[in-house]
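The values are calculated or read from the model by the stated rules, or taken from the named source; none is laboratory data. Just so it is clear, the structure is predicted and the values come from calculations on it, not from any experiment. A quick note on method: Cβ atoms are made from the backbone with ideal geometry, for glycine too, and the neighbour counts reach across all protein chains shown. In case anyone asks, the SASA skips ligands and DNA or RNA and just uses the protein heavy atoms, side chains included. Shrake-Rupley method; radii C 1.70, N 1.55, O 1.52, S 1.80 Å.
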Amino acid sequence: MQHESTATSMISVRGMSKLFGDFVALDRLNFDVKKGEKIVILGPSGSGKSTLIRTLNRIEPHDSGTLTINGKLITDKTDPIQLRCMVGMVFQNYNLFPHLSVLENCILAPMRVRGMTRIEATDLARRYLNQVGIPDQADKYPIQLSGGQQQRVAIARALCMQPEVMLFDEPTAALDPEAIVGVVSIIDELAEQGITTVCVTHEMAFSRRIADHIIFMDQGKILEITPPETFFTSPQTGRAQNFLNQMLRY
Amino acid sequence: MPRFFLHQPRMPWFQRIAVIVGLFFVALGQMGTARAEELPSFVHNGTLTICTNPTLPPMTFVKGQDVTHPEGFDIDVAHFLATRWHAQLSVITMDFTGLFPSLGAQRCSLVMSGIIQTPSREKSFDAVPYQDTALVVAGRANTPALTSMDELSGKDVAVESGTSYVTRLGIINNALVAAGKAPMVIQQYPTEEQVVQQVLIGRVFAFVSQDVEIFFRMRQLQGKLHILLTPDIPDYRHFAIYLRQNKQDQALLQTAITALETDGTLATLRNKWSITDQSTKNSVNTSSATSIFDWNAFFSALTSTAFLHGALITLAVALLSHIIAITLSVPIAIALNNPKRSVLKIALEGYVALFRAAPTLLQLLFIWNAVPQFFPIFREQWFTPFLATVLALSINESAYQVEINRSALSAVDPGQELGASALGLSRRDIYWRVIFPQAFRIALPPTINEFINLLKTTSLASVISLQELLAVTQIQVARTFAFTEYYAAALVYYLVMVFFFLFLQKRVERRFTWSDRKKVVSNAA
């Protein structure tokens, strides 16, 4: 357990809560993510996993407690653009821009937000499209690609902003088994390169392989923060036990 | 009951201003050179403005192609009046029903449009008679003549709407019903040539108008018409010039008319325009009298500057109004799509509801005739029918366009905004680079649809005297009676304009090759 904020901490969450009306979506969360660390958030549906990951780049602003990213306290006064340059995000449904080609999807934010020239942004985009294994799809439109290819574009698009942290919100949930293998191996590769990663997923084998720590959530609370070996072999709470039993049966 | 538009609610301060202006000119007249005649208060800044509906030959009509310059007995009289008062003559043309509201709204000094002097009109406006006339019932050449109005019982009778004949026919109908007879079936048409056409095509038995015009039509139509009856009705003996109530102005105008009568000017003009000539021999040339469809008339209308000018006005009004409407509607649509309640949102919802609910024609009439009574600035020269139409149609269209834009914006996947803001794009970029381009494609077909509607809706503006395509057509038809040919020419113009925009729509749609249907399929895979 790492409740102490340290100099090497990339994300630090203290007593953070989020309400939707009367419903407590996140209940006084505490955790730290060190620079280069890989965190996987597990938990049953409705446990608050997606809400948590969305508070980390303030797409969902938290209501109380503190959030510190890379040493900066994130409040409603923080420039959201500065924050989102540090924290990239990949969604379950890709959210690619259908009216732009793959390349244009990747260079829009670097040009408009980072102020790169088209040439610089294109160079960068081609490098990342190459890294996610679809260098030859740059001029196609999203609808012309398979789901797996679209998610690779979404990952490349996020990487083009050269973030310090990557957030993945169930990146494989909308994909077929074959495509899952491809996307998972790209995230594996990124993790090996040392980028700080927070991932919400239901892929157990993948979680076990890449996670430095598993955060297990239920009903808006964090119940366990443990290394994967401990979590998958001897979970400490009954609810984690139940969750694992159900996942394995399935 | 016939509608009666003629009782304008009068604002006492109008009269007060009129009196003050009148006194000013009285003072000016006394201080000025000894022989200078007093000027009526309705002559403003050296300009005499008359309102006329140029579809009543030979009193006021368009002889050539230029619909902004009517001619006729009334127009010549107006010229002499202007000369007498050292003023410039300005002529505003409009539908008959718009004449008295425009006079009330101080858009013109006088109404000179071959209008009968009647006691009911004199309740609201002052009148000065200048020409004798009589009410006449006319029918097709082979129809036997009548001996009394009672013989019209149960028959179809056409009449121009807004005229005093409508009221008169109502009175006759009441008498018929009281005597246990069937009333006449009265059909009202907005222009006089349509009234005549109903008789010519045999839809109605007779029409009611006055002798001067019918003499002209009889010559024009080479004996296809003849007079069935000239009942002597005391209220229908004179054409009058109408002005806003002001005894001093009325006296000055009466003096001027008497002078023109005395020096023989009016007699000369009567002769010039054949006001009392009942012969059908000396006929003016007509084109469509002989064949079913006169191709020459059709092509000359098609290539005339009048039609081209009318079409350009139609196009300009539609384009300008729609551009303004879209510009207004986008921010309103964004504000209305915000789920939070606010005072602004309630106000905008009210705006949209009001202008979707109110008939477009009513909005046009309101802006042109009612608003100037409260804001005098809207009766100044710069507020032209063109501007008034653009104003009315922009507001009206923006209300419809808000609904199109609202649905187009909601149809864009919310994930797009999420994805764009996660990339750090500013609000501005999220809208301009991500949401608008996608909403644009969804909104395009209904927007083009709206534009085509708007292009055709501009024809309503003829009621406030805008010389758009349909108004030009009507005025030209009144001159030539070539209904089929001129309607066909107008149709060709409308079709060409609409097909051009449909073609444009196809081209723009084809540029957006990313299709939602394919996207759904690939997502489902």
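General observations
- With coordinates expressed along the principal axes, the C-alpha atoms belonging to the stretch B:135-236 extend over 39, 28, 26 Å, beginning with the largest.
- Considering only Cα atoms, the convex hull volume of the stretch B:298-523 works out to 164 Å³ per residue.
- Peptide B:410-419 is shielded by partner chain Cβ atoms: per residue, an average of 4 of them sit within 10 Å of its Cβ.
- Averaging 1/r over each pair of different alpha-carbon atoms in the stretch B:87-131 and inverting the result gives 11.6 Å, the Kirkwood hydrodynamic radius.
- Convex hull volume of the Cα atoms of the stretch A:8-126, normalised per residue: 145 Å³.
- Links that overshoot a 28 Å alpha carbon limit, given the list A:Lys77/A:Lys140; A:Lys38/A:Lys72; A:Lys18/A:Lys140; A:Lys34/A:Lys221; A:Lys77/A:Lys221; A:Lys34/A:Lys77: A:Lys77/A:Lys140; A:Lys18/A:Lys140
- Nearest-0.05 FRET efficiency for B:Leu312 and B:Val508, computed from C-beta distance (R0 25 Å): 0.60
- FRET efficiency, B:Asp132 to B:Leu344 (Cβ-Cβ, R0 56 Å, nearest 0.05): 0.35
- Membrane-span-like helices in chain B, defined here as complete DSSP H runs extending at least 15 Å along the helix axis by their C-alpha atoms with mean Kyte-Doolittle hydropathy no lower than 1.6, are B:305-337; this is a sequence and geometry rule, not a statement about a membrane.
- Across B:Tyr494, B:Tyr242, the residue with the most accessible area heads the list, and the full order at a 1.4 Å probe is B:Tyr494, B:Tyr242.
- Using heavy atoms of the protein chains and a probe of 1.4 Å, the accessible area assigned to B:Met94 is about 10 Å².
- Each Cα pair under 8 Å and six or more residues apart adds its sequence gap; the mean of these over the residue count of chain B is a relative contact order of 18 percent.
- With kT/(6 pi eta Rh) evaluated at 4 °C and eta = 1.567 mPa s, and Rh the Kirkwood radius from Cα pairs, the stretch B:429-513 diffuses with a coefficient of 85 µm²/s according to Stokes-Einstein.
- Gyration tensor over the Cα atoms of chain A: the corresponding equivalent ellipsoid has semi-axes (square roots of 5 times the eigenvalues, largest first) of 30, 22, 16 Å.
- Only lysine pairs 8 or more places apart or on separate chains count here, and in chain B those with Cα atoms under 24 Å apart total 12.
- Average beta carbon contacts from partner chains per residue of A:102-111, 10 Å cutoff: 2
- Buried area at the A-B interface (accessible, heavy atoms, 1.4 Å probe, summed, Å²): 2200 Å²
- 1.4 Å probe accessible area per residue over the protein assembly as shown, in Å²: 44 Å²
- Axis of helix A:147-159 versus longest Cα principal axis of chain A: the two differ by about 90°, to the nearest ten degrees.
- For the protein assembly as shown, the calculated P(r) over all alpha carbon pairs, in 10 Å bins from 0 to the bin holding the longest distance, is 2, 11, 16, 15, 12, 9, 8, 9, 9, 6, 2, 0, 0 percent.
- For chain B, the calculated P(r), taken from all Cα-Cα distances in 20 Å bins from zero up to the bin holding the longest distance, is 19, 45, 26, 9, 1 percent.
- Cα convex hull of the stretch B:125-176 - mean projected area over all directions, nm²: 5.3 nm²
- Euclidean distance between Cα centres, the stretch B:155-227 to the stretch B:350-393, Å: 33 Å
- Helix A:102-112 vs. chain A, principal-axis angle (Cα, 0 to 90°, nearest 10): 80 degrees
- Label reach from A:Leu19 (point 7 Å along Cα→C-beta): in the stretch A:205-243, amide nitrogens under 17 Å belong to A:220-221.
- Surface composition of the stretch B:135-236: carbon plus sulfur atoms contribute 52% of the solvent-accessible area (1.4 Å probe, protein chains only, all chains present).
- Computed FRET value (nearest 0.05) for B:Gln248 with B:Glu380, which takes r as the C-beta separation and R₀ as 22 Å: 0.35
- For the stretch B:374-493, the share of alpha carbon pairs falling in successive 10 Å distance bins from zero is 11, 26, 23, 20, 13, 5, 1 percent.
- Degrees, to the nearest 10: A:118-131 long Cα axis against longest axis of chain A: 60 degrees
- Rounded Å value of the spacing that divides the Cα centres of the stretch B:294-326 and the stretch A:140-171: 52 Å
- For the pair the stretch A:213-250 / the stretch A:19-44, the C-alpha centres are spaced 14 Å from each other.
- Kirkwood-based shape ratio for the stretch B:456-506, expressed as Rg/Rh from alpha carbons: 1.06
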